[in-house]
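Q: Let me begin by handing over the structure; questions about it come next.
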Amino acid sequence: MLRRAFVVLIAATALTAPAAATAAGPGTDPFGQLLQQQLDAVHAAGMPGAFAEVRDGRRTWTPTAGVIDIATGEPVRDGLRHRIGSISKTFLATTVLQLAGEHRIGLDTPIGGYLPKLVPTAVGRKVTVRMLLNHTSGIGDYDTALASTVRDLVRLGRTTYTPEQLARIGLAAPPTGAPGDAFSYSNTNYVLAGLIVERVTGHSYRAEITRRILRPLALRDTYFEGADPLIRGPHLHAYVPVYGKLHDFTRYNMSWAWGAGEIVSTAHDVNTFFRALLTGRVLSSGLLAQMRTTVPFDPAHPEAGGYGLGIFSMRLPCGLFWGHDGGTIGHQTLTLHSPDGRRQLTYAHSMAFYQKSPTEQNPIDVAIARFVTTALCGPQPATLAAEAGVTLRTVDLARPAPRR
């Protein structure tokens, strides 16, 4: 569930992004109106609720669509908190890189030296910290073992796990390949990374992220949910289609995600973090360069982008963007940013595991693709792509929806 559970857009042609619209005011800004129309189309296609924050330098747009709760019909509004899932990995990877810069963690040091009692000797000698962060460790993914049916999803949200339990499940799972060979997404990697932070610092990984990132950047609406099943503050409900009806998974124990994806945040806080990260306020230039050194998702299709150290690259019609996505049980989020952190998008919605066809794109995904491309590239690339019949190919690395 915390695999890359979102749409990755790949345009079949390269287009140049136009300058941002210069009109101001929500009622007179054509670009803002277009964003709102396109987010409304996501809702009209079947998504219960969605919101986004789009930035271009100092300009910000915050379109919203749909409802917070299908039972009450309360409309979505700006500023809602959201389970951001695997975007949490970027926060943790940044913390690991800071510790590497302080010579307290070695990126190319085998992990067995940090966790000798937890990691099997053979794995501990071959897998490095860097391999954890860029998902080339070959270690199995614990969440695949935890939930494959709807009944599992219900049980998962009522169970409290320790990170050591999660790590042992992943380490006992069949390996996905030899260490260092190729990209293979595994949430176990980031549970182990969080445990290494705790071993090295003597503090919880949450305390380290809070001290190093949340407080300096004043991310006041970002916190770690853990076993508390309630999201603090206003938020979207979280839905999964079950037998043709939406089941509400808003009340949910997130201890199963831990360092791999337990953070709750807002679109504003996520954008603030990524702008600070990409502009060098959080990491030195050398460490940021290491973070942005990627391995391909698929060596046969390098145009699909690649994964660095807690961040991925993706090419849109107007150029290269950096970010991450995150999927939990009902909440999904995508955050993408230009390399200089000027052009930004954080998008979130309230339904996961909706129907996918092996031959046709779901109308929701088509609408999301259009919105994302417009938000980051401006209106011209999306229009030209449609006129030229450009296909937006989806690369969905999430495992299939749970069985009934």
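The values are calculated or read from the model by the stated rules, or taken from the named source; none is laboratory data. Just so it is clear, the model here is predicted, and its values are computed rather than measured. Glycine also receives a Cβ, built like all others from the backbone with ideal geometry; neighbour counts cover every protein chain displayed.
Q: Is it true that V295 is modelled with pLDDT of 95 or more, farther than 30 Å from Y161 by Cα and in contact with a strand residue (DSSP E or B) (Cβ under 7 Å, 6 or more places away or on another chain)?
A: yes
Q: From the list F51, F91, F31, exactly one residue is farther than 15 Å from R370 by Cα, modelled with pLDDT of 95 or more and either of a type outside the set (D, E, K, R) or part of a loop (DSSP other than H, G, I, E, B) (or both). Which is it? Quick ask: steps written out before the conclusion?
A: On the way: F51 fails: farther than 15 Å from R370 by Cα; F31 fails: farther than 15 Å from R370 by Cα.
Unique residue meeting the criteria: F91.
Q: Any residue in the range 179-196 that is surrounded by fewer than 16 Cβ atoms within 10 Å (Cβ to Cβ), small (G, A, S) and in contact with a helix residue (DSSP H, G or I) (Cβ under 8 Å, 6 or more places away or on another chain)?
A: Of the range 179-196, the ones surrounded by fewer than 16 Cβ atoms within 10 Å (Cβ to Cβ) are 180-182.
Still in the running and small (G, A, S): 180, 182.
With in contact with a helix residue (DSSP H, G or I) (Cβ under 8 Å, 6 or more places away or on another chain) added as a condition, the list becomes 180.
Yes - at least one qualifying residue is present in the range 179-196.
Q: Among the residues of the range 334-361 satisfying the criterion of being assigned to a loop (DSSP other than H, G, I, E, B) and modelled with pLDDT of 90 or more, which is surrounded by the most Cβ atoms within 10 Å (Cβ to Cβ)? Explain how you work it out, then say what you get.
A: Restricting attention to the range 334-361, the residues satisfying the condition of being assigned to a loop (DSSP other than H, G, I, E, B) are 338-342, 350, 352-361.
After this cut, where a residue has to be modelled with pLDDT of 90 or more as well, the list is 338-342, 350, 352-353.
Working: S338: 22, P339: 14, D340: 10, G341: 19, R342: 15, S350: 28, A352: 24, F353: 22.
Among those residues, the one meeting the criterion is S350.
Q: Only one of these conditions is not met by A304: (1) modelled with pLDDT of 95 or more; (2) farther than 30 Å from G244 by Cβ; (3) of a type in the set (A, V, I, L, M, F, W, C). Which number is it?
A: So the condition that A304 fails would be (1).
Q: Scan the range 132-147 for residues that are assigned to a helix (DSSP H, G or I) and either under 19 Å from the mean Cα position of the chain (by Cα) or buried (at least 23 other Cβ atoms within 10 Å of the Cβ) (or both) and jot them down.
A: Of everything in the range 132-147, those that are assigned to a helix (DSSP H, G or I) and either under 19 Å from the mean Cα position of the chain (by Cα) or buried (at least 23 other Cβ atoms within 10 Å of the Cβ) (or both) turn out to be L132, L133, Y142, D143, T144.
Q: A further question on this structure: Quick check on G157: is it small (G, A, S), on the phi > 0 side of the Ramachandran plot and within 22 Å of the chain's Cα centre (by Cα)? Steps first, answer last, please.
A: Values: small (G, A, S): yes; on the phi > 0 side of the Ramachandran plot: no; within 22 Å of the chain's Cα centre (by Cα): yes.
Answer is no for this residue.
Q: Would you point out the residue of the range 60-83, among those that are touching a His at 6+ places or on another chain (Cβ under 7 Å) and basic (K, R), that is surrounded by the fewest Cβ atoms within 10 Å (Cβ to Cβ)?
A: R81
Q: When only residues in the range 248-265 that are in contact with a helix residue (DSSP H, G or I) (Cβ under 8 Å, 6 or more places away or on another chain) and part of a strand (DSSP E or B) count, which is surrounded by the fewest Cβ atoms within 10 Å (Cβ to Cβ)?
A: S265
Q: Based on what the data block shows, is D228 outside any helix (DSSP H, G or I) and either closer than 15 Å to F91 by Cα or modelled with pLDDT under 95 (or both)? Before the answer, list the steps.
A: Working: outside any helix (DSSP H, G or I): yes; either closer than 15 Å to F91 by Cα or modelled with pLDDT under 95 (or both): no.
No; evaluated as a whole, the condition is false for this residue.
Q: Search the range 84-113 for residues being over 12 Å from W258 (Cα atoms) and among the charged types (D, E, K, R), and hand back the single one that is surrounded by the most Cβ atoms within 10 Å (Cβ to Cβ).
A: Result: R104.
Q: Just name the residue that is farthest from L214 (Cα to Cα) out of those in the range 94-126 that are assigned to a loop (DSSP other than H, G, I, E, B) and of a type in the set (V, I, T). Break it down into steps so the answer makes sense when it comes.
A: Quick first cut of the range 94-126, residues assigned to a loop (DSSP other than H, G, I, E, B) only: 102-109, 114-120.
If we keep only those that are of a type in the set (V, I, T) as well, we get 105, 109, 119.
Working: I105: 21, T109: 27, V119: 30 Å.
Checking each candidate, the answer is V119.
Q: Report, by residue number, each residue of the range 148-168 that is more than 13 Å from I329 (Cα to Cα) and either in contact with a Leu (Cβ under 7 Å, 6 or more places away or on another chain) or not in a helix (DSSP H, G or I) (or both).
A: T159, T160, Y161, T162, P163, E164, A167
Q: Condition test on T109, is it at pLDDT 95 or above and in contact with a Gly (Cβ under 9 Å, 6 or more places away or on another chain)? Spell out the reasoning first.
A: Details: at pLDDT 95 or above: yes; in contact with a Gly (Cβ under 9 Å, 6 or more places away or on another chain): no.
Considered against the rule, which asks whether it is at pLDDT 95 or above and in contact with a Gly (Cβ under 9 Å, 6 or more places away or on another chain), T109 comes out as no.
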